[in-house]
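The values are calculated or read from the model by the stated rules, or taken from the named source; none is laboratory data. On a predicted model such as this, the values are computed, not experimentally measured, just so you know. Note: ideal-geometry Cβ built from the backbone for every residue, glycine included; neighbour counts use all protein chains shown. Side chains included, ligands, DNA and RNA excluded: accessible areas come from the protein's heavy atoms. Shrake-Rupley method; radii C 1.70, N 1.55, O 1.52, S 1.80 Å.
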Amino acid sequence: MIVMKQPSSLQLFFVMQGSVVPRIVGKILGVALLSAIILLLDLHVVPLPHISMSAMGVFGVALSLFLGFRNNAAYDRWWEARRLWGTIIAETRNLGRHMSVFCDDNSERGYVLSHAVAFVHLHRGFLRGVGVHNDITDWIGQEDAVRLTASSNPADATLRTIATRLGNLNRNDTISGYGQMTIAQTLSTLGTVQAGCERIVTTPLPFVYSLLVRRTTYLYCFLLPFALIESTNWLAPLFAAAVAYMFFGLQAVTNELEHPFSHTQNGLPMDAMCRVVEISACEALGKDVPAALAPRNHVLS
């Protein structure tokens, strides 16, 4: 996720950090080149058909509505993902408080909170498709790390491990029935949030809708020069490039927001959020608190 101050009016046109321009510059130049070729052909080779600007305006409004709707849908996915991870942070902190209230055994408290930290890392690993074995070994040990990462759903297996431990504590009268029920509710919330994140990562926006928007964007940018050559003349390539930047840029932003858990500049800072959970767990257990992750080159991963 990009973390930087708002650039000044002058810097605004030169900032590339977090911009989609590097990804779409080829398309922008292609549209500008196409406009220049069509303009030269029309002026010096053979008259080409001219399209009414009014017709292109109606076409552009319709395309803008489609792109805006898809962008809103993608941002809703991004924002829901951030809210779900905010809930994960809050519930792991609640778990630490519940263990302090209902369990006097420091070793059992450490076991539950350490596995809660492992749950967060394993969930991040599933969502991003990365290995987190080294991140959880120091918390739960090599044996549990190998056992959990070998599960089909390591994060869910971790919640089951915590639940089994709580059941044993209740049977041994180490924790009261009310305490067990309260902590079980917290685990249930974590499981629900986990399922919500899995729903987002496994259910992209409908492909047929994305395909329609992409095709329409290319078609519009191809027809636009035929409407510009009469009204803008030699400025047609510049205007066509500006329109291509707007439409292709919005499309690129939408594609990135559609996948909020991806390791991209505008993806959620899941590494940093996992560190927040680690900090909370260390404070609850009286361990040395690690430093919060800082942005690197204005990017918080």
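Projecting the Cα atoms of Trp139, Ala284, Ile2 onto the charge dipole of the chain (Cβ charges, centred on the Cα centre) puts Ile2 farthest toward the positive pole. To the nearest ten degrees, helix 21-40 and the longest principal axis of the Cα atoms of the chain are 10 degrees apart.
Please state the charge dipole magnitude for the chain, taken about the Cα centre, from unit charges on C-beta atoms (+1 on K and R, -1 on D and E), reported in debye and rounded to the nearest 20.
On the way: 22 positive and 21 negative charges, 96 e Å.
For the chain, the charge dipole is close to 460 debye.
What separates the Cα centres of the range 183-256 and the range 70-135 is a distance of 30 Å. Between Phe119, Phe248, Phe226, the GNM of the chain built on Cα springs shorter than 10 angstrom shows Phe226 fluctuating the most.
Around the Cα centre of the range 74-174, unit charges on the Cβ atoms of Lys, Arg, Asp and Glu (plus for the first two, minus for the last two) sum to a dipole of about 340 debye.
Dividing the summed -39500 (n - 2.57) terms of all DSSP H runs of n ≥ 4 by the residue count of the chain sets its mean residue ellipticity at 222 nm at -25500 deg cm²/dmol.
For Ala184 and Thr202, the difference between the fully extended length at 0.36 nm per residue and the C-alpha to C-alpha distance is 3.8 nm. Working value for the chain: equivalent-ellipsoid semi-axes of 54, 19, 14 Å, each the square root of 5 times a Cα gyration tensor eigenvalue, largest first.
Using only the alpha-carbon atoms, how far is helix 106-128 inclined from the longest principal axis of the chain? Give it as 0 to 90 degrees, nearest 10. On a 0 to 90 degree scale, this one is about 20. Against the chain, whose longest principal axis comes from its Cα atoms, helix 207-231 is set at around 30 degrees. For the peptides 290-298, 124-132, the ranking by packing is 124-132, 290-298, with the highest mean count of neighbouring Cβ atoms within 10 Å listed first.
Defining a contact as two alpha carbons under 8 Å apart and six or more residues distant in sequence, what relative contact order in percent does the range 1-135 show? The partial results should precede the final answer.
Working: 25 pairs, mean separation 12.8, N = 135.
Dividing the mean separation by the residue count of the range 1-135 yields 9 percent.
Which whole-number percentage describes the relative contact order of the chain, with Cα contacts under 8 Å and a sequence gap of 6 or more? The partial results should precede the final answer.
Values: 326 pairs, mean separation 109.4, N = 301.
The value is 36 percent.
Taking the average, over residues, of other Cβ atoms within 10 Å as the packing measure, peptides 43-50, 149-156 rank 149-156, 43-50 from highest down. Remark: spin-label model distance Ser301-Trp79 equals 2.9 nm, labels positioned 7 Å along the Cα→Cβ axis.
Rounded to a whole number, what % of the accessible area of the chain do carbon and sulfur atoms account for, probe 1.4 Å? Carbon and sulfur atoms account for 61 percent of the accessible area of the chain. Fully extending the segment from Val3 to Leu238, taken as 0.36 nm per residue of separation minus the present Cα-Cα distance, adds 81.4 nm.
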